[in-house]
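Single-structure report; data block below.
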Amino acid sequence: MGAKFVLVANRLPVSVTRTEEGFLFKPSVGGLATALSSISTEKILWVGWPGLPAEDFAGHEKKVFSELESLGCYPVCLSREEIEVFYHGFANRTLWPLCHYFLQYTIFEAAYWEGYREVNRKYAETVAELADEEATVWVHDYQLFLVPGFLRRLLPRARIGFFLHIPFPSYEVFRVLPWRREILEGLLGADLVGFHTYEYTRHFLSSLRRLLGYEHQLGLVTTETRAVKVEVFPISIDYQKFARAAEDSEVQARIEALRREVGERRLILSVDRLDYTKGIPQRLWAYEAFLERYPEWREQVVLVLVGVPSRTEVEHYQELKSEVDELIGRINGRFGTLGWTPVHYLYRSLDFPELAALYWLAEVALVTPLRDGMNLIAKEYVATVPEDRGVLILSEMAGAAAELSEAMLVNPFSQEDLVRALHEALSLPRDEKIERNRRMKERLRRYDVHRWAREFLSALEETRKLQESFVSH
Ligand code: F6P
């Protein structure tokens, strides 16, 4: 096919489901898709998993493939068994907890590792069949750590970029992984490796030095054969889409409906995938303690907690769901009255107008993950909320804290911090809200997801030039 620009991610930006009437193709308009459509002059080919096991479309491959092709996508077909070991197994029972410092949840299982390696090889082989020899290939996230290495062998002249969307943990944590060297070697197949924050970059460089003995100069790592650049690119959002959300009539209708439902009460918002890294129980305990300590806020506030179902096959996610259900029941039972429900819980994903209306109306957003690569909810909230209304309470453990320093920063493990921040946020003078929000909005406006993608891709070009000078010396 000779594609010049290939984007490889675990999932395609289209999910395929099988219904009684046939197959359903649901495109997801994520930030990445928007960013790339605005910058790339080349036609982009997306390679990834369509979201259902290959067994479910056996016999219908032609139809599924041609429909996806018309959407600029090429599927990597994974069997149920491959999904189990690669996705539920190594990606989500090993790498995810490890990179988020949940060592107690991390499972080290040789069969998971082998499945992960083979599926990564499959992704690389699929790309190699479709791409031009000198294509630009942008590989995304921890599910595909080994793809750059496999791909480099198959397409030695390609420009390969890798971006990690989650934290890269400290060397002391990363070193416990039995396959730590293979992961690092896989990443060194790329020309450019990008992270959200300076800290993640530092952790990666320190692991390279201590585990493989590779030094670097200003982020340029030199191995026996190649030079690889390591750099910081904090991902962002489509700022204008959120900043202008309230101009949309559907969003306005949602805001009006929500206003009627909430009445005069002050809205506190919490939105996450239902993931143990997000610190949802800690947030609920803190809200309970806040209502206990400040009885004057009872009946005056309402917490809307949105938990988007995620990775429901993995045990720790199931346990979290029960814990959250129970905690909400306890708080509502303890403080609720016939006219007031302290926590409104939505266990589902929201469409854009619903989400934007919540962002617009919420006086406080509680974004308190225990560990988070970046956290785009924090950025979306700041972009959407009117400058004189919102206060962002943000965890120090989220990558976003490096940029959103005017938020109320909290240690999510400290209940005291959360309780105090809730009280202060609800009491913050209007002028101070404006001052904080203006600065953050301006920063997000300037460095949006378009700029993020542009900077990554031009750094990939620059790296090529650097490598040429490295080879000629
Ligand atoms: O940012 C981490 C990440 O795993 C992304 O790769 C993914 O798009 C998102 O979280 C949702 O996870 P999943 O694809 O496992 O549902």
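Points worth noting:
- Under the combined filter of DSSP loop state and at most 13 neighbouring Cβ atoms within 10 Å, region 74-157 retains these trypsin sites (Lys or Arg not before Pro): Arg157.
- Global form of region 157-223, assessed from the alpha-carbon gyration tensor, a/c cut-off 1.5: rounded
- Loop-located GluC sites (Glu not before Pro) across region 4-96 with a Cβ neighbour count of 15 or fewer within 10 Å are Glu20, Glu21, Glu42, with loop assigned by DSSP.
- DSSP-defined beta bridges in region 249-361 - what % are antiparallel, rounded to 5: 10 percent
- Rg over Rh, two decimals, the chain (C-alpha only, Kirkwood Rh): 0.97
- In the chain, the DSSP-assigned H stretches of four residues or longer account for a calculated mean residue ellipticity at 222 nm of -13000 deg cm²/dmol, using -39500 (n - 2.57) per stretch and the full residue count as denominator.
- The alpha carbons of region 171-259 stretch over 61, 26, 19 Å along the principal axes, in descending order.
- Rg/Rg_ref, region 358-473, where Rg_ref = 2.2 N^0.38 Å and atoms are Cα: 1.34
- Taking the fewest neighbouring Cβ atoms within 10 Å as the starting point, the ordered list for Leu444, Leu52 is Leu52, Leu444.
- Per-q log10 I(q)/I(0), region 1-135, q = 0.09, 0.11 Å⁻¹ (Debye; single scatterer per alpha-carbon; no solvent): -0.31, -0.46
- Estimated vicinal HN-Hα couplings, Hz - region 209-216 in sequence order (Karplus 6.51, -1.76, 1.60; Gly, Pro = x): 5, 7, 9, 10, x, 8, 8, 9
- Taking a straight line from the alpha carbon of Lys26, these aspartates and glutamates sit under 20 Å away, with near neighbours fewer than eight places off in the same chain left out: Glu55, Asp56, Glu61, Glu67, Glu69, Asp351, Glu354.
- Residue-wise HN-Hα coupling along region 324-338, computed from phi with Karplus coefficients 6.51, -1.76, 1.60 (Hz; x: Gly, Pro): 5, 3, 5, 4, 5, x, 5, 5, 5, x, 6, 10, x, 10, 4
- Average 1/r across all pairs of distinct alpha carbons in region 253-302, invert it, and you get the Kirkwood radius: 12.7 Å.
- In summary, the lysines within cross-link reach of Lys229, defined as a Cα separation below 25 angstrom excluding same-chain residues under 8 places away, comprise Lys4, Lys465.
- Neighbour-limited loop hits for chymotrypsin sites (Phe, Trp or Tyr not before Pro), region 68-176 (at most 14 other Cβ within 10 Å; DSSP other than H, G, I, E, B): Phe108
- Look at the dipole of the chain built from charges on Cβ: of Ile183, Leu404, Phe108, the Cα furthest out on the positive end belongs to Leu404.
- Whole-Å distance, taken between Cα centres, linking region 75-111 and region 135-182: 15 Å
- Cα-based values for region 363-431, radius of gyration first and Dmax second, are 11.2, 31 Å.
- Shape of region 285-434, Cα gyration tensor, a/c cut at 1.5: rounded
- Estimated dipole of region 169-232 in Debye, rounded to 20 [Cβ of Lys and Arg +1, of Asp and Glu -1, Cα centre]: 140 debye
- Whether region 237-364 is rounded, prolate or oblate, judged on the alpha carbon gyration tensor where a/c under 1.5 counts as rounded: oblate
- Principal-axis tilt of helix 430-446 within the chain, Cα atoms, nearest 10 degrees: 20 degrees
- Here's the list of lysines a cross-link from Lys379 could span, going by alpha-carbon distance under 24 Å and ignoring same-chain residues fewer than 8 apart: Lys241, Lys278, Lys433, Lys441.
- Part-to-part distance (alpha-carbon centres) for region 199-267 and region 432-454, which is given in Å: 12 Å
- Folded to 0 to 90 degrees: helix 249-262 orientation relative to the chain principal axis, Cα: 40 degrees
- Eigen-decomposition of the gyration tensor built on the alpha-carbon atoms of region 102-232 gives equivalent ellipsoid semi-axes of 22, 19, 13 angstrom, largest listed first.
- Helix 449-472 vs. the chain, principal-axis angle (Cα, 0 to 90°, nearest 10): 30 degrees
- Taking the charge dipole of the chain about its Cα centre, with +1 at Lys and Arg Cβ atoms and -1 at Asp and Glu Cβ atoms, the residue from Ser349, Ala3, Gln467 reaching farthest to the positive side is Gln467.
- For Leu78, residues with placed amide H under 5 Å, excluding near neighbours: Ala54
Read-outs throughout are calculated quantities, based only on the coordinates presented, and are distinct from any laboratory measurement. The structure presented is a predicted model; accordingly, all values stated were derived computationally and were not measured. A quick note on method: Cβ atoms are made from the backbone with ideal geometry, for glycine too, and the neighbour counts reach across all protein chains shown.
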